[in-house]
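Please read the structure below before turning to the comments.
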Amino acid sequence: MFTGGGSEADNLVLKGTIDATDGQHVVTTTIEHSAVVKTANWLEDHGIDVTRVTSRRDGRVDPVDVADAIQPDTAIVSVMHANNETGVIQPLKAIGELTDERDVLFHSDTVQSAGMIPIDA
C-alpha cells in the first residue's frame with residue numbers, strides 16, 4: 001500500500017493495527033517524529049494505553065527497555081530508525097528480534113533513513 005507521505009503512513013499503521021487486533025497497548029519512544037507522537041496521543045485520547053520508552057544519554061533506545069514495556073495486550077511497537085533532529089540510528093535489529101520473540105508487530109518510521117544509509121528490510 002502506498003500513502004501520500006510518511007506521516008500518513010505512521011498514522012495508518014498505528015491506528016490500523018489497533019483496529020485490526022485485540023491489542024489495547026502501544027509501545028513507542030519519547031524521541032519519535034511528530035507523526036507518531038500525534039497518533040499515539042490520539043490513540044491515548046481514545047482509550048488506548050501508550051508506553052513511551054526514554055532514550056539513553058547517547059540518544060539510543062535500549063532494546064531491553066522496549067522489551068520490558070511490552071505487555072500481554074501490546075498490539076504494536078513503533079521506534080523510528082534515524083532521528084530527524086539528531087541523526088542517531090536506533091538498534092532496530094535487536095528491537096525486532098525482541099518483538100518477534102513476543103509475537104508483537106514492529107513498526108519503524110524510516111523516512112529519514114531512506115536514501116541516506118543502507119536499509120535491509
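Quick notes on this one:
- Test: residue in the stretch 24-47 that is in contact with a strand residue (DSSP E or B) (Cβ under 6 Å, 6 or more places away or on another chain), assigned to a loop (DSSP other than H, G, I, E, B) and within 29 Å of Gly115 (Cβ to Cβ): yes
- Residues that are more than 22 Å from Ala67 (Cβ to Cβ), touching a residue at least 12 places away in the same chain (Cβ under 8 Å) and either out of contact with any strand residue (DSSP E or B) (no Cβ under 8 Å at 6 or more places or on another chain) or of a type in the set (D, E, K, R) (or both), drawn from the stretch 109-121: Val111, Ile119
- When restricted to residues that are closer than 19 Å to Ala114 by Cα and in contact (Cβ under 8 Å) with a residue 40 or more places away in the chain, the stretch 60-85 contains 5.
- Pairs, first aromatic (Phe, Trp, Tyr) in the stretch 93-108, second surrounded by 13 or more Cβ atoms within 10 Å (Cβ to Cβ) and assigned to a loop (DSSP other than H, G, I, E, B), C-beta under 9 Å, six or more apart: Phe106/Val79
- Given (1) under 16 Å from Val88 (Cβ atoms); (2) without any contact (Cβ under 8 Å) to a residue 40 or more places away in the chain; (3) buried (at least 20 other Cβ atoms within 10 Å of the Cβ), number of the condition Thr39 does not satisfy: (1)
- Test: residue in the stretch 80-90 that is under 13 Å from the mean Cα position of the chain (by Cα), at negative phi and of a type in the set (Val, Ile, Thr): no
- Test result for Ala20, crowded, with 18+ Cβ neighbours inside 10 Å, among the small types (Gly, Ala, Ser) and either modelled with pLDDT of 95 or more or more than 15 Å from the chain's Cα centre (by Cα) (or both): no
- Filtered by the rule that a residue be in a strand (DSSP E or B), of a type outside the set (A, V, I, L, M, F, W, C) and either surrounded by fewer than 13 Cβ atoms within 10 Å (Cβ to Cβ) or out of contact with any Leu (no Cβ under 7 Å at 6 or more places or on another chain) (or both), the stretch 56-106 gives a lone residue, Thr74.
The values are calculated or read from the model by the stated rules, or taken from the named source; none is laboratory data. These numbers come from a predicted model, not from an experiment. Here the Cβ is made from the backbone with ideal geometry for all residues, glycine too, and neighbour counts use every protein chain on show.
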